[in-house]
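Input: a single structure, listed below in structure tokens.
The values are calculated or read from the model by the stated rules, or taken from the named source; none is laboratory data. Bear in mind the structure is a predicted one, so any value in this text is a computation, not a measurement. Note that we place each Cβ from the backbone using ideal geometry, even for glycine, and neighbour counts take in every protein chain shown.
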């Protein structure tokens, strides 16, 4: 694990099909207290949240609120 990896938490999100999906996930996850940045890859389904640690349950709830599902946490 590199030093950069310790500052981020990575999740896999399923169900996203367009840019609006990405925006919805970003908006919901950014509302989690303490989260300063979110990157979402549409094709990969990869969600990178910083800083870490972040509460995985809060991320799952935010993604669910956006209408999608976290299928894995790295």
query: Is it fair to say residue 54 is assigned to a loop (DSSP other than H, G, I, E, B), touching a strand residue (DSSP E or B) at 6+ places or on another chain (Cβ under 7 Å) and free of Cβ contacts under 8 Å to residues at least 24 places away in the same chain?
result: no
query: Hey, does the stretch 63-73 have a residue that's in a strand (DSSP E or B), in contact (Cβ under 8 Å) with a residue 60 or more places away in the chain and in contact with a helix residue (DSSP H, G or I) (Cβ under 6 Å, 6 or more places away or on another chain)?
result: yes
message: modelled with pLDDT of 95 or more and surrounded by fewer than 19 Cβ atoms within 10 Å (Cβ to Cβ): which single residue out of 71, 6 fits that description?
response: 71
- prompt: Taking the condition under 19 Å from residue 71 (Cα atoms), at pLDDT 95 or above and out of contact with any strand residue (DSSP E or B) (no Cβ under 9 Å at 6 or more places or on another chain), does residue 14 pass?
  reply: no
- prompt: Within the stretch 31-48, can you find the residues that are assigned to a strand (DSSP E or B) and either farther than 20 Å from residue 17 by Cα or at pLDDT below 95 (or both)?
  reply: 37
